[in-house]
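Novice: Below are the C-alpha coordinates for one structure; questions will follow.
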Amino acid sequence: MNFSNHEYKNANKFSVSKTLRIFTVLICFVCLTAFTTKTDAGSYKVGDVATDFSLINIDGKMVSLSDYKTAKGFVVIFTCNTCPYAVAYEDRIVDLDKKYASKGYPVIAIMPNDTDVKPGDNMQAMQARAKAKGFTFPYLMDDGQKIYPQYGATKTPHVYILEKTTKGNIVKYIGAIDDNYQDAAAVKTKYAENAIDALLAGKEIAQKTTRAIGCSIKVK
Amino acid sequence: MKRILLVLILLCFACNTNDELKVYNYDGIAPLINKTDDKVHVVNFWATWCAPCVKELPYFEKINKVYKAKGVELLLVSLDFPRKYETKLKPFLKEKQLKSEVVCLNDVDQNRWIPAIDTTWSGAIPATMIYKGNKRKFYEKSFTYEELEKEVQQFLK
(Lines give C-alpha, C1' and ligand atoms only; values in the text may rest on other atoms or scores of the structure.)
Protein backbone atom coordinates (compact mmCIF):
# COMPACT_ATOMS: atom_id res chain seq x y z
CA MET A 1 0.00 0.00 0.00
CA ASN A 2 2.76 2.32 1.03
CA PHE A 3 4.66 1.45 -2.06
CA SER A 4 1.81 2.17 -4.45
CA ASN A 5 1.05 5.42 -2.67
CA HIS A 6 4.65 6.46 -3.15
CA GLU A 7 4.47 5.51 -6.80
CA TYR A 8 1.32 7.51 -7.25
CA LYS A 9 2.86 10.55 -5.63
CA ASN A 10 5.90 10.29 -7.85
CA ALA A 11 3.80 9.92 -10.94
CA ASN A 12 1.78 12.93 -9.93
CA LYS A 13 4.93 14.98 -9.30
CA PHE A 14 6.27 13.95 -12.65
CA SER A 15 3.22 15.04 -14.55
CA VAL A 16 3.10 18.39 -12.72
CA SER A 17 6.76 19.11 -13.44
CA LYS A 18 6.29 17.96 -17.02
CA THR A 19 3.32 20.28 -17.50
CA LEU A 20 5.32 23.11 -15.96
CA ARG A 21 8.23 22.41 -18.26
CA ILE A 22 6.04 22.35 -21.36
CA PHE A 23 4.40 25.56 -20.20
CA THR A 24 7.79 27.24 -19.67
CA VAL A 25 8.99 26.14 -23.08
CA LEU A 26 5.78 27.48 -24.62
CA ILE A 27 6.21 30.84 -22.90
CA CYS A 28 9.84 31.04 -23.98
CA PHE A 29 8.81 30.22 -27.54
CA VAL A 30 6.12 32.91 -27.57
CA CYS A 31 8.56 35.49 -26.13
CA LEU A 32 11.25 34.54 -28.62
CA THR A 33 8.99 34.67 -31.64
CA ALA A 34 7.47 37.94 -30.50
CA PHE A 35 10.94 39.40 -30.11
CA THR A 36 12.23 38.05 -33.41
CA THR A 37 9.22 39.25 -35.34
CA LYS A 38 9.59 42.69 -33.84
CA THR A 39 13.26 42.93 -34.78
CA ASP A 40 12.89 41.49 -38.26
CA ALA A 41 9.91 43.61 -39.20
CA GLY A 42 11.93 46.76 -38.71
CA SER A 43 15.26 45.81 -40.24
CA TYR A 44 15.94 47.73 -43.41
CA LYS A 45 17.58 46.06 -46.33
CA VAL A 46 19.29 47.80 -49.19
CA GLY A 47 16.55 49.21 -51.43
CA ASP A 48 14.02 49.87 -48.63
CA VAL A 49 12.59 53.33 -47.98
CA ALA A 50 13.96 54.65 -44.68
CA THR A 51 11.65 56.45 -42.31
CA ASP A 52 12.11 60.11 -41.53
CA PHE A 53 12.06 61.19 -37.89
CA SER A 54 11.95 64.18 -35.65
CA LEU A 55 14.59 63.80 -32.96
CA ILE A 56 16.07 66.23 -30.47
CA ASN A 57 19.54 67.56 -31.22
CA ILE A 58 22.21 68.57 -28.69
CA ASP A 59 21.22 72.23 -29.28
CA GLY A 60 17.66 71.51 -28.15
CA LYS A 61 16.15 71.82 -31.64
CA MET A 62 14.29 69.05 -33.42
CA VAL A 63 15.91 67.65 -36.57
CA SER A 64 14.27 65.76 -39.46
CA LEU A 65 15.70 64.54 -42.74
CA SER A 66 13.05 66.64 -44.50
CA ASP A 67 14.75 69.78 -43.09
CA TYR A 68 17.58 69.22 -45.56
CA LYS A 69 16.00 70.60 -48.71
CA THR A 70 19.14 70.53 -50.87
CA ALA A 71 20.63 67.24 -49.64
CA LYS A 72 21.10 64.43 -52.16
CA GLY A 73 21.09 61.89 -49.38
CA PHE A 74 22.26 61.19 -45.85
CA VAL A 75 24.88 59.35 -43.87
CA VAL A 76 22.84 58.21 -40.87
CA ILE A 77 25.15 56.84 -38.18
CA PHE A 78 23.93 55.23 -34.97
CA THR A 79 26.71 56.00 -32.53
CA CYS A 80 27.30 56.92 -28.90
CA ASN A 81 29.80 58.27 -26.38
CA THR A 82 30.45 55.10 -24.42
CA CYS A 83 31.25 52.38 -26.93
CA PRO A 84 35.01 52.03 -27.59
CA TYR A 85 34.34 51.17 -31.24
CA ALA A 86 32.19 54.28 -31.65
CA VAL A 87 34.85 56.37 -29.93
CA ALA A 88 37.51 54.94 -32.23
CA TYR A 89 35.49 56.25 -35.18
CA GLU A 90 34.62 59.75 -33.88
CA ASP A 91 37.29 61.59 -35.83
CA ARG A 92 36.52 59.63 -38.97
CA ILE A 93 32.81 60.51 -38.65
CA VAL A 94 33.77 64.21 -38.41
CA ASP A 95 35.94 63.76 -41.52
CA LEU A 96 33.07 62.10 -43.40
CA ASP A 97 30.79 65.05 -42.71
CA LYS A 98 33.49 67.58 -43.64
CA LYS A 99 34.12 65.78 -46.90
CA TYR A 100 30.57 64.96 -47.97
CA ALA A 101 28.12 67.47 -46.40
CA SER A 102 29.06 70.05 -49.03
CA LYS A 103 28.60 67.42 -51.74
CA GLY A 104 25.03 66.75 -50.58
CA TYR A 105 25.56 63.87 -48.12
CA PRO A 106 25.56 65.27 -44.58
CA VAL A 107 26.17 63.04 -41.54
CA ILE A 108 23.23 62.64 -39.16
CA ALA A 109 24.39 60.96 -35.95
CA ILE A 110 21.81 59.29 -33.71
CA MET A 111 22.51 58.07 -30.17
CA PRO A 112 20.24 55.03 -29.66
CA ASN A 113 21.08 53.87 -26.11
CA ASP A 114 18.81 54.05 -23.08
CA THR A 115 20.46 56.71 -20.92
CA ASP A 116 19.34 55.14 -17.64
CA VAL A 117 21.38 52.09 -18.58
CA LYS A 118 24.22 54.23 -20.01
CA PRO A 119 24.29 57.57 -18.18
CA GLY A 120 27.49 58.36 -20.10
CA ASP A 121 25.29 58.78 -23.17
CA ASN A 122 22.86 61.32 -21.68
CA MET A 123 22.18 64.70 -23.26
CA GLN A 124 24.81 66.60 -21.25
CA ALA A 125 27.42 63.96 -22.05
CA MET A 126 26.46 64.07 -25.74
CA GLN A 127 26.77 67.87 -25.74
CA ALA A 128 30.17 67.70 -24.04
CA ARG A 129 31.49 65.09 -26.48
CA ALA A 130 30.21 66.97 -29.53
CA LYS A 131 31.93 70.12 -28.28
CA ALA A 132 35.19 68.37 -27.42
CA LYS A 133 35.36 66.62 -30.78
CA GLY A 134 34.02 69.52 -32.79
CA PHE A 135 31.06 67.68 -34.30
CA THR A 136 29.97 69.52 -37.44
CA PHE A 137 26.74 67.51 -37.73
CA PRO A 138 23.61 66.98 -35.63
CA TYR A 139 23.99 64.51 -32.77
CA LEU A 140 20.44 63.40 -32.06
CA MET A 141 18.98 61.37 -29.24
CA ASP A 142 16.64 58.51 -30.14
CA ASP A 143 14.41 59.54 -27.25
CA GLY A 144 12.01 56.66 -26.54
CA GLN A 145 14.14 54.35 -28.74
CA LYS A 146 11.58 54.32 -31.56
CA ILE A 147 13.84 54.97 -34.55
CA TYR A 148 16.78 52.55 -34.27
CA PRO A 149 14.54 49.43 -34.27
CA GLN A 150 12.88 50.62 -37.50
CA TYR A 151 16.27 50.90 -39.16
CA GLY A 152 17.31 47.60 -37.64
CA ALA A 153 20.45 49.01 -36.06
CA THR A 154 21.93 46.48 -33.65
CA LYS A 155 25.08 48.20 -32.50
CA THR A 156 27.18 51.34 -32.39
CA PRO A 157 28.59 52.44 -34.75
CA HIS A 158 26.15 51.30 -37.45
CA VAL A 159 25.97 53.23 -40.72
CA TYR A 160 23.01 53.67 -43.11
CA ILE A 161 23.62 55.64 -46.30
CA LEU A 162 20.40 56.93 -47.83
CA GLU A 163 19.73 58.41 -51.24
CA LYS A 164 17.00 60.99 -51.53
CA THR A 165 14.60 60.14 -54.38
CA THR A 166 11.06 61.05 -55.31
CA LYS A 167 9.96 57.83 -53.61
CA GLY A 168 11.67 58.77 -50.35
CA ASN A 169 15.05 58.15 -48.78
CA ILE A 170 16.24 54.82 -50.14
CA VAL A 171 18.71 52.71 -48.16
CA LYS A 172 21.80 52.24 -50.33
CA TYR A 173 24.44 50.99 -47.90
CA ILE A 174 24.40 49.35 -44.45
CA GLY A 175 27.40 48.54 -42.32
CA ALA A 176 30.81 49.78 -41.30
CA ILE A 177 32.71 53.00 -42.04
CA ASP A 178 35.89 51.23 -43.14
CA ASP A 179 37.89 48.05 -42.63
CA ASN A 180 40.15 49.01 -39.74
CA TYR A 181 38.64 50.17 -36.44
CA GLN A 182 42.04 50.23 -34.74
CA ASP A 183 44.03 52.46 -37.02
CA ALA A 184 42.61 55.04 -39.41
CA ALA A 185 46.01 55.24 -41.13
CA ALA A 186 46.00 51.53 -41.95
CA VAL A 187 42.56 51.48 -43.59
CA LYS A 188 42.55 49.66 -46.92
CA THR A 189 38.90 50.03 -47.97
CA LYS A 190 36.77 53.03 -47.04
CA TYR A 191 33.37 51.32 -47.42
CA ALA A 192 31.22 54.36 -46.58
CA GLU A 193 33.21 56.79 -48.74
CA ASN A 194 33.20 54.36 -51.66
CA ALA A 195 29.44 54.03 -51.37
CA ILE A 196 28.87 57.82 -51.36
CA ASP A 197 31.36 58.30 -54.22
CA ALA A 198 29.45 55.72 -56.26
CA LEU A 199 26.13 57.44 -55.52
CA LEU A 200 27.58 60.84 -56.49
CA ALA A 201 28.93 59.37 -59.72
CA GLY A 202 25.64 57.62 -60.46
CA LYS A 203 27.35 54.24 -60.34
CA GLU A 204 26.45 50.95 -58.68
CA ILE A 205 27.85 50.60 -55.14
CA ALA A 206 30.39 47.76 -55.14
CA GLN A 207 29.88 46.69 -51.52
CA LYS A 208 26.35 47.42 -50.31
CA THR A 209 26.62 45.76 -46.90
CA THR A 210 29.55 45.15 -44.59
CA ARG A 211 29.93 44.00 -41.05
CA ALA A 212 31.93 45.19 -38.08
CA ILE A 213 32.04 44.59 -34.36
CA GLY A 214 30.17 47.09 -32.21
CA CYS A 215 28.51 47.48 -28.85
CA SER A 216 24.97 46.19 -28.58
CA ILE A 217 22.41 48.99 -28.29
CA LYS A 218 21.46 49.34 -24.63
CA VAL A 219 17.84 48.89 -23.59
CA LYS A 220 16.17 48.56 -20.18
CA MET B 1 48.76 14.06 -1.18
CA LYS B 2 45.46 15.78 -1.78
CA ARG B 3 46.81 18.97 -0.31
CA ILE B 4 49.87 18.88 -2.53
CA LEU B 5 47.64 18.40 -5.56
CA LEU B 6 45.52 21.33 -4.54
CA VAL B 7 48.58 23.54 -4.14
CA LEU B 8 49.83 22.41 -7.54
CA ILE B 9 46.48 23.18 -9.14
CA LEU B 10 46.38 26.62 -7.51
CA LEU B 11 49.93 27.28 -8.70
CA CYS B 12 48.91 26.32 -12.19
CA PHE B 13 46.10 28.88 -12.21
CA ALA B 14 48.47 31.47 -10.79
CA CYS B 15 50.90 30.73 -13.63
CA ASN B 16 48.14 30.94 -16.19
CA THR B 17 47.23 34.50 -15.34
CA ASN B 18 50.86 35.54 -15.55
CA ASP B 19 51.23 33.90 -18.90
CA GLU B 20 51.23 35.90 -22.06
CA LEU B 21 47.84 36.27 -23.71
CA LYS B 22 47.04 33.93 -26.55
CA VAL B 23 46.37 36.28 -29.44
CA TYR B 24 45.11 35.05 -32.81
CA ASN B 25 43.88 36.45 -36.09
CA TYR B 26 40.81 34.82 -37.62
CA ASP B 27 42.78 32.09 -39.38
CA GLY B 28 44.47 31.27 -36.09
CA ILE B 29 41.24 31.09 -34.17
CA ALA B 30 39.21 29.20 -36.78
CA PRO B 31 40.45 25.73 -35.68
CA LEU B 32 39.60 26.59 -32.06
CA ILE B 33 35.97 27.36 -32.91
CA ASN B 34 35.48 24.50 -35.36
CA LYS B 35 36.56 21.52 -33.31
CA THR B 36 35.35 18.18 -34.56
CA ASP B 37 35.51 16.18 -31.30
CA ASP B 38 32.25 15.05 -29.71
CA LYS B 39 32.25 17.72 -27.00
CA VAL B 40 29.73 20.54 -26.72
CA HIS B 41 31.63 23.78 -27.33
CA VAL B 42 30.45 27.07 -25.92
CA VAL B 43 32.25 30.07 -27.45
CA ASN B 44 31.55 33.50 -26.01
CA PHE B 45 32.70 36.71 -27.71
CA TRP B 46 33.25 39.42 -25.14
CA ALA B 47 35.40 42.37 -24.08
CA THR B 48 36.25 44.02 -20.77
CA TRP B 49 34.67 47.27 -22.01
CA CYS B 50 31.35 45.56 -22.80
CA ALA B 51 29.24 45.81 -19.63
CA PRO B 52 26.63 43.17 -20.54
CA CYS B 53 29.48 40.81 -21.50
CA VAL B 54 31.19 41.22 -18.13
CA LYS B 55 27.83 40.74 -16.41
CA GLU B 56 27.27 37.34 -18.03
CA LEU B 57 30.85 36.02 -17.65
CA PRO B 58 30.06 34.37 -14.28
CA TYR B 59 27.28 32.38 -16.01
CA PHE B 60 29.80 30.99 -18.52
CA GLU B 61 32.19 30.24 -15.69
CA LYS B 62 29.41 28.39 -13.87
CA ILE B 63 28.61 26.36 -17.01
CA ASN B 64 32.30 25.47 -17.21
CA LYS B 65 32.31 24.37 -13.59
CA VAL B 66 29.06 22.39 -13.68
CA TYR B 67 29.29 20.87 -17.15
CA LYS B 68 32.99 20.35 -17.77
CA ALA B 69 32.82 16.75 -16.60
CA LYS B 70 29.80 16.20 -18.85
CA GLY B 71 31.74 17.05 -21.99
CA VAL B 72 31.21 20.80 -22.30
CA GLU B 73 34.18 22.98 -23.24
CA LEU B 74 34.23 26.75 -22.79
CA LEU B 75 36.18 29.27 -24.82
CA LEU B 76 36.07 32.97 -24.01
CA VAL B 77 37.17 35.03 -27.01
CA SER B 78 38.18 38.54 -25.98
CA LEU B 79 37.71 41.32 -28.52
CA ASP B 80 39.55 43.86 -26.39
CA PHE B 81 41.64 46.41 -28.27
CA PRO B 82 45.29 45.30 -28.42
CA ARG B 83 46.43 48.59 -26.88
CA LYS B 84 44.32 47.69 -23.82
CA TYR B 85 45.78 44.21 -23.31
CA GLU B 86 48.28 45.33 -20.68
CA THR B 87 46.22 48.03 -18.98
CA LYS B 88 42.75 46.46 -19.03
CA LEU B 89 42.56 42.83 -20.06
CA LYS B 90 45.47 41.37 -18.10
CA PRO B 91 44.50 43.04 -14.80
CA PHE B 92 40.90 41.95 -15.39
CA LEU B 93 41.89 38.32 -15.94
CA LYS B 94 44.13 38.44 -12.89
CA GLU B 95 41.36 39.84 -10.74
CA LYS B 96 38.60 37.52 -11.95
CA GLN B 97 40.73 34.34 -12.03
CA LEU B 98 38.64 32.90 -14.84
CA LYS B 99 38.80 29.14 -15.08
CA SER B 100 37.55 28.93 -18.67
CA GLU B 101 40.09 29.26 -21.46
CA VAL B 102 40.57 32.84 -22.65
CA VAL B 103 41.99 33.76 -26.05
CA CYS B 104 42.16 37.09 -27.88
CA LEU B 105 40.96 37.68 -31.40
CA ASN B 106 42.81 40.54 -33.05
CA ASP B 107 41.85 40.84 -36.69
CA VAL B 108 40.78 44.17 -38.17
CA ASP B 109 39.21 42.63 -41.26
CA GLN B 110 35.91 42.20 -39.47
CA ASN B 111 33.86 42.18 -42.64
CA ARG B 112 35.59 38.93 -43.49
CA TRP B 113 35.49 37.04 -40.23
CA ILE B 114 32.15 38.10 -38.72
CA PRO B 115 30.07 36.47 -41.48
CA ALA B 116 32.55 33.56 -41.56
CA ILE B 117 31.80 32.85 -37.91
CA ASP B 118 28.06 33.19 -38.47
CA THR B 119 26.11 34.62 -41.39
CA THR B 120 23.44 36.01 -39.05
CA TRP B 121 25.88 37.91 -36.79
CA SER B 122 25.55 41.67 -37.28
CA GLY B 123 28.66 42.24 -35.18
CA ALA B 124 27.20 43.26 -31.81
CA ILE B 125 28.60 41.76 -28.62
CA PRO B 126 27.83 39.96 -26.38
CA ALA B 127 27.54 37.06 -28.81
CA THR B 128 27.74 33.33 -28.16
CA MET B 129 28.08 30.24 -30.28
CA ILE B 130 27.29 26.71 -29.15
CA TYR B 131 28.24 23.80 -31.35
CA LYS B 132 28.79 20.07 -31.37
CA GLY B 133 29.99 18.52 -34.58
CA ASN B 134 27.83 19.94 -37.35
CA LYS B 135 25.09 21.22 -35.07
CA ARG B 136 25.60 24.91 -34.46
CA LYS B 137 23.62 27.77 -32.95
CA PHE B 138 24.53 31.43 -32.76
CA TYR B 139 23.12 33.91 -30.26
CA GLU B 140 23.61 37.66 -30.69
CA LYS B 141 22.22 38.42 -27.23
CA SER B 142 22.84 38.46 -23.49
CA PHE B 143 22.12 35.39 -21.40
CA THR B 144 20.88 34.66 -17.93
CA TYR B 145 22.37 31.54 -16.37
CA GLU B 146 19.07 29.67 -16.79
CA GLU B 147 18.78 30.56 -20.48
CA LEU B 148 22.38 29.54 -21.13
CA GLU B 149 22.03 26.27 -19.24
CA LYS B 150 18.87 25.45 -21.19
CA GLU B 151 20.70 25.94 -24.50
CA VAL B 152 23.68 23.85 -23.36
CA GLN B 153 21.36 21.07 -22.26
CA GLN B 154 19.75 21.04 -25.71
CA PHE B 155 23.17 20.14 -27.10
CA LEU B 156 23.84 17.49 -24.48
CA LYS B 157 20.69 15.53 -25.38
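Novice: Are there any residues in region A:180-220 with a reduction of at least 40 Å² in accessible surface when going from the isolated chain to the assembly of protein chains? Probe 1.4 Å, please list them by number.
Specialist: A:Y181, A:Q182, A:R211, A:I213, A:S216
Novice: Name the residues of region A:72-99 whose accessible area, probed at 1.4 Å, falls by at least 50 Å² once all protein chains are in place instead of their chain on its own?
Specialist: For region A:72-99, once contacts with the other chains are taken into account, A:P84, A:Y85 lose 50 Å² or more.
Novice: Rounded to the nearest 10 Å², what accessible area does A:D48 have for a 1.4 Å probe in the complete protein model?
Specialist: 60 Å²
Novice: Between A:D95 and B:V66, what is the label-to-label distance in nm when each label sits 7 Å out along the Cα-to-Cβ direction?
Specialist: With each label point 7 Å from Cα toward Cβ, the separation is 4.8 nm.
Novice: Do any of A:K99/A:K208; A:K45/B:K150; B:K62/B:K141; A:K69/A:K131 go past 23 Å between their Cα atoms, and which?
Specialist: Distance filter (> 23 Å) returns A:K45/B:K150; A:K69/A:K131.
Novice: Moving on to the next point. Please compute the per residue accessible area over chain B with all protein chains in place, 1.4 Å probe, rounded to a whole number of Å².
Specialist: About 53 Å² of surface per residue is accessible.
Novice: Using only protein heavy atoms and a 1.4 Å probe, how much accessible area in total is buried between A and B, to the nearest 100 Å²?
Specialist: Interface between A and B: roughly 1900 Å².
Novice: Once neighbouring chains are kept in place and the probe is 1.4 Å, which whole percent of the accessible area of region A:109-168 is contributed by carbon and sulfur?
Specialist: Of all accessible area on region A:109-168, carbon and sulfur atoms account for 51 percent.
Novice: Hey, got the average number of other protein chain Cβ atoms within 10 angstrom for residues in B:107-114?
Specialist: 6
Novice: Taking the dipole about the Cα centre of region B:12-121, with the C-beta of Lys and Arg at +1 and of Asp and Glu at -1, give me whichever of B:I114, B:T48, B:P31 is farthest to the positive side.
Specialist: Checked the options; the winner is B:T48.
Novice: Hey, quick one: spin label on B:K39, modelled 7 Å out along Cα-Cβ, who in region B:53-68 has an amide N within reach, i.e. under 11 Å?
Specialist: B:68
Novice: Working out 0.36 nm times the residue gap between A:A185 and A:T166, then minus their Cα-Cα distance, what length gain in nm do you get to one decimal?
Specialist: That pair, A:A185 and A:T166, stretches by 3.0 nm at full extension.
Novice: Please report, as a whole percent, how much of the solvent-accessible surface of chain B comes from carbon and sulfur atoms (probe radius 1.4 Å).
Specialist: The value for chain B is 56 percent carbon and sulfur by accessible area.
Novice: Per residue and in Å³, how big is the convex hull formed by the alpha-carbon atoms of region B:42-100?
Specialist: 70 Å³
Novice: Now for a different question. Which residues of region A:129-166 end up with at least 10 Å² less accessible area in the presence of all protein chains than when their chain stands alone, using a 1.4 Å probe?
Specialist: Residues meeting the cut-off: A:T154, A:K155.
The values are calculated or read from the model by the stated rules, or taken from the named source; none is laboratory data. As the structure is a computational prediction, the values presented were derived from the model and not from experiment. We place every Cβ from the backbone using ideal geometry, glycine too, and count neighbours over all the protein chains shown. The protein model used for the area step is the full one, side chains on, heavy atoms only, and it has no ligands, DNA or RNA in it. Shrake-Rupley method; radii C 1.70, N 1.55, O 1.52, S 1.80 Å.
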